[in-house]
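Below is one structure, written out as structure tokens; the observations come after it.
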Amino acid sequence: MNTSPNIASVAALISEPSRAAILTALLDGRLHPAGSLAYIAGISPQTTSFHLKKMVEADVIKVDKQGRHRYYGLKSHEVASVLETFLTIAPKIEMKSFKQVTRDKAVRYARTCYDHLAGSLGIKITDSLIRSGCIEEHEDTFVLTIQGEELFASLTIDLDAVVKKRRTYIHKCLDWSERRHHISGALGNALLEKFLELKWIRRVPDTRAIKITEVGKKELESVFRITV
């Protein structure tokens with residue numbers, strides 16, 4: 001008798017195109033109302049409610065109730081990691097419009113991977129941290145060095161607070177578009193939040209894409225020696 005967790009039930013959730021579109025949208029790490037997810041997936045509000053209910057019951061997504069309003073997000077970092085892994089092996093879709101091409105290019109260049117930076121920007125930052133000796137790359141993870149601690153301190157990132165988060169401190173995440181590893185975990189999240197706070201980057205509505213501001217271009221070149 002098979003006593004392992006039922007993988008098929010989770011795979012069935014992801015295999016439905018509309019649910020896959022919703023889950024991919026939630027990889028931006030934010031909470032979304034059902035109406036926004038319906039628009040992104042291109043389905044009716046009724047159909048969206050049906051899919052959301054099934055995914056909440058399967059413990060894949062969570063719902064945050066605020067008064068009469070409900071907002072949905074991915075259940076955990078583990079769910080996000082699994083989805084990103086699927087994206088690395090998923091076949092490319094055929095681009096049928098200029099809008100699709102533009103959005104795809106933007107997402108590949110800079111995006112959120114649940115709660116940290118990914119895409120070309122995420123790889124450039126990770127490479128910079130390795131070149132400058134701020135992190136060391138090991139087979140299964142990255143390790144923060146003394147130089148790295150000094151850099152994060154200069155950005156006023158509280159590493160003691162980062163360590164106390166109930167999650168992996170620093171992690172290697174396989175980037176689905178670049179096919180290389182970028183920095184994730186609590187430390188990767190701290191970088192994303194700091195860049196947003198400093199207004200070096202900003203989120204783009206209704207997509208995971210990240211826009212680099214003019215200030216951000218100058219500061220990223222100054223601090224990380226990268227051209228964006």
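The values are calculated or read from the model by the stated rules, or taken from the named source; none is laboratory data. As the structure is a prediction and not an experimental result, all values here were calculated from the model. Note: ideal-geometry Cβ built from the backbone for every residue, glycine included; neighbour counts use all protein chains shown.
At a glance:
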quantity	calculated
Odd one out for Tyr39, checked against (1) crowded, with 17+ Cβ neighbours inside 10 Å; (2) not in a loop (DSSP other than H, G, I, E, B)	(1)
Matching option when the condition is among the aliphatic types (A, V, I, L, M) and touching a Lys or Arg at 6+ places or on another chain (Cβ under 8 Å), among Leu174, Leu187	Leu174
Selection from the range 136-148 of residues that are farther than 24 Å from Leu87 by Cβ and surrounded by 11 or more Cβ atoms within 10 Å (Cβ to Cβ)	Glu136, Val143, Leu144, Thr145, Gln147, Gly148
Condition met for Asp206 (of a type outside the set (Val, Ile, Thr), surrounded by fewer than 17 Cβ atoms within 10 Å (Cβ to Cβ), over 30 Å from Ala34 (Cα atoms) and modelled with pLDDT under 95)	no
Selected residue [in the same structural domain as Lys105 (by TED's automatic domain parsing) and without any contact (Cβ under 8 Å) to a residue 24 or more places away in the chain] from Asp140, Asp175, Asp160	Asp160
Residue identified as at negative phi, modelled with pLDDT of 95 or more and either within 21 Å of the chain's Cα centre (by Cα) or loosely packed, with under 11 Cβ neighbours inside 10 Å (or both) among Leu174, Leu155, Leu191, Leu151	Leu191
Search result, residues across the range 80-112 that are outside the structural domain of Asn189 (by TED's automatic domain parsing), closer than 21 Å to Arg30 by Cβ and of a type in the set (A, V, I, L, M)	Ala80, Val82, Leu83, Leu87
Those strands (runs of 3 or more DSSP E) lying entirely in the range 67-180 with at least 2 residues charged (D, E, K, R)	135-137
